[in-house]
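Chemist: Before I ask anything, let me first share the structure, which is written out below as structure tokens.
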Amino acid sequence: MLALGKLLDLTLAGREPAEKTQLTVEGVRMRWLGEGALEVRPAEARDNGMDLLLSAGIHGNETAPIELLDELLHGIARAEIKPRARILFLFGNPEAIRKGERYIEQDVNRLFNGRHELSSGSEALRAGQLEQFAKTFFSVPGRTRLHYDLHTAIRGSKIEQFALYPFKEGRQHSRRELARLRAAGMEAVLLQSKASITFTAFTYEQLDAEAFTLELGKARPFGQNEQVNLDRLETRLKQIIEGNEPEEADALDGLQLFSVAREIIKHSDSFRLHLPADIENFSELSKGYLLAEDLAESRWIVEEEGARIIFPNPKVRNGLRAGILIVPTSPDQLA
């Protein structure tokens, strides 16, 4: 196997490859761009016009997605997977990956869309670098742009595999992309309704890519991901890479759609989230439930029918989101 196919090994060791560019026996070019970053380019005659960005390890302890990208790269390096798409593989936070930590000082996935410019430290610099990698990769006009940012969650979930679809004013969410997610094993999609500061929000809003944050189960250490079944996602990613996705109707049967009702923002150290510490994502909340309290008698009371909570985390920094209240929605507004 080509040495550049071992991008994860290089990243874990914190070293550069001796050769920055290598060719597979199929004529696929693999090019090392920097720490945790590798571009794969098919032979020109096989290029189908797809630019696919696959990122993982934005949170360093979310190892199942990292292992999946590692397997895909091994397949390409051995010429077992024959790309027709250009691909950019990114391991988001190498220092945190090496330490097995979610992050070192700052949550990298809260530092995009200009936020890194208001901060300092190695993770702010990394967020800016990731933006530049993506901007350069998605700079070729006339090509299809797709970004999957792969994660696992801090806590368990009543819906284990789901996606978050960013928002941009004047742009509709795509039924075709939702059908592709369903085929990849996603059970639910959260259709966001405001601008955000995540990596996929940046590529969706600024670079005109279709972009999705994929939550794929619970975070576990390397080698302990047997319970995270990524078979359907791996199959679909290989099909996208090789340009042989099955022709399918844009059916969304069985895919649950949700929209954001409200974000719960932590304003101070007085913030209190009135939920069990082990509550799962997508847990239902009854109307009238006192969800959270903060300074100046600020209170969040559940008013919505069918409300559920995702990503509850009272330990975030002040000013950041401590949870999202979501409600079921219909596909009526899809493009």
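Chemist: Give me the pairs: first residue in the range 37-56 and in contact (Cβ under 8 Å) with a residue 60 or more places away in the chain, second residue surrounded by fewer than 20 Cβ atoms within 10 Å (Cβ to Cβ) and among the polar types (S, T, N, Q), beta-carbon distance under 9 Å, and six or more apart or on different chains, which are they?
Modeler: Ala37/Gln129; Asn48/Thr144; Gly49/Thr144; Met50/Thr144; Asp51/Thr144; Leu52/Thr144
Chemist: Further question on the same structure: Only one of (1) part of a strand (DSSP E or B); (2) modelled with pLDDT of 95 or more; (3) not charged (D, E, K, R) is not met by Ala127, so which one is it?
Modeler: (1)
Chemist: Can you pull out the residues in the range 149-160 that are without any contact (Cβ under 8 Å) to a residue 60 or more places away in the chain and either more than 27 Å from Phe91 (Cβ to Cβ) or part of a strand (DSSP E or B) (or both)?
Modeler: Hits for the range 149-160: nothing passes.
Chemist: Suppose we keep only residues that are open to solvent by 70 Å² or more (accessible area, probe 1.4 Å) and small (Gly, Ala, Ser) within the range 227-276. Which one would you say is modelled with the highest pLDDT?
Modeler: Looking at residues that are open to solvent by 70 Å² or more (accessible area, probe 1.4 Å) and small (Gly, Ala, Ser), I get Gly254.
Chemist: Can I ask one more? Does Glu215 qualify as being open to solvent by 20 Å² or more (accessible area, probe 1.4 Å) and closer than 17 Å to Ile159 by Cα?
Modeler: No.
Chemist: Filter the range 264-276 down to the residues that are more than 25 Å from Gln161 (Cα to Cα) and either of a type in the set (D, E, K, R) or assigned to a strand (DSSP E or B) (or both) and list them by number.
Modeler: Lys266, Asp269, Arg272
Chemist: Which of the residues spanning the range 7-36 are of a type in the set (Gly, Ala, Ser) and either open to solvent by less than 70 Å² (accessible area, probe 1.4 Å) or touching a residue at least 60 places away in the same chain (Cβ under 8 Å) (or both)?
Modeler: If the condition is that a residue be of a type in the set (Gly, Ala, Ser) and either open to solvent by less than 70 Å² (accessible area, probe 1.4 Å) or touching a residue at least 60 places away in the same chain (Cβ under 8 Å) (or both), then Ala13, Gly14, Gly27, Gly34, Gly36 are the ones that fit.
Chemist: If you don't mind, another one. Determine which single condition Glu169 fails, assuming it passes every other condition in (1) assigned to a strand (DSSP E or B); (2) surrounded by fewer than 18 Cβ atoms within 10 Å (Cβ to Cβ); (3) of a type in the set (D, E, K, R).
Modeler: Here Glu169 meets the rest and fails (1).
Chemist: Yes or no: Pro166 farther than 30 Å from Ala261 by Cβ and not polar (S, T, N, Q)?
Modeler: On the way: farther than 30 Å from Ala261 by Cβ: no; not polar (S, T, N, Q): yes.
Against the criterion (farther than 30 Å from Ala261 by Cβ and not polar (S, T, N, Q)), Pro166 does not qualify.
Chemist: Given Pro83, Pro65, which one is open to solvent by less than 10 Å² (accessible area, probe 1.4 Å), closer than 18 Å to Gly5 by Cβ and not in a helix (DSSP H, G or I)?
Modeler: Selected residue: Pro83, the only one of Pro83, Pro65 that is open to solvent by less than 10 Å² (accessible area, probe 1.4 Å), closer than 18 Å to Gly5 by Cβ and not in a helix (DSSP H, G or I).
Chemist: Here is a further query. Which one of the conditions (1) assigned to a loop (DSSP other than H, G, I, E, B); (2) at negative phi does Gly223 fail to meet, given that it meets all the rest?
Modeler: Only one criterion in (1) assigned to a loop (DSSP other than H, G, I, E, B); (2) at negative phi is unmet by Gly223, namely (2).
Chemist: Would you say Asn113 is within 26 Å of Phe162 (Cα to Cα), polar (S, T, N, Q) and touching a Ser or Thr at 6+ places or on another chain (Cβ under 8 Å)?
Modeler: Criteria met by Asn113.
Chemist: Considering only residues that are under 16 Å from Lys315 (Cα atoms) and outside any helix (DSSP H, G or I), look in the range 105-122 and name the one that is nearest to the chain's Cα centre (by Cα).
Modeler: The extreme case among them is Asp107.
Chemist: Considering only residues that are hydrophobic (A, V, I, L, M, F, W, C), out of contact with any Leu (no Cβ under 6 Å at 6 or more places or on another chain) and assigned to a strand (DSSP E or B), look in the range 33-53 and name the one that is nearest to Ile241 (Cα to Cα). Break it down into steps so the answer makes sense when it comes.
Modeler: Taking the range 33-53 first, the residues hydrophobic (A, V, I, L, M, F, W, C) are 33, 37-38, 40, 43, 45, 50, 52-53.
Those left that are additionally out of contact with any Leu (no Cβ under 6 Å at 6 or more places or on another chain): 33, 40, 43, 45, 50.
Cutting the leftovers down to assigned to a strand (DSSP E or B) gives us 33, 40, 50.
Values: Leu33: 20, Val40: 10, Met50: 8 Å.
Step by step, filter the range 33-53, then rank; the result is Met50.
Chemist: Exactly one of (1) aliphatic (A, V, I, L, M); (2) open to solvent by 10 Å² or more (accessible area, probe 1.4 Å); (3) free of Cβ contacts under 8 Å to residues at least 40 places away in the same chain is unmet by Ala124. Its number?
Modeler: The failed condition is (2).
Chemist: Filter the range 172-212 down to the residues that are in a loop (DSSP other than H, G, I, E, B) and farther than 25 Å from Glu245 by Cα, then identify the one that is most open to solvent (accessible area, probe 1.4 Å).
Modeler: Let us first name the residues in the range 172-212 that are in a loop (DSSP other than H, G, I, E, B), namely 172-174, 184-187, 192-198, 208-209.
This time we only want the ones that are farther than 25 Å from Glu245 by Cα, so: 192-198.
On the way: Gln192: 23, Ser193: 66, Lys194: 107, Ala195: 65, Ser196: 27, Ile197: 37, Thr198: 14 Å².
The extreme case among them is Lys194.
The values are calculated or read from the model by the stated rules, or taken from the named source; none is laboratory data. All values derive from a computational prediction rather than experimental measurement. Cβ: placed from backbone, ideal geometry, glycine included. Neighbour counts: every protein chain shown. Surface areas here come from the heavy atoms of the whole protein model, side chains and all, with no ligands, DNA or RNA. Shrake-Rupley method; radii C 1.70, N 1.55, O 1.52, S 1.80 Å.
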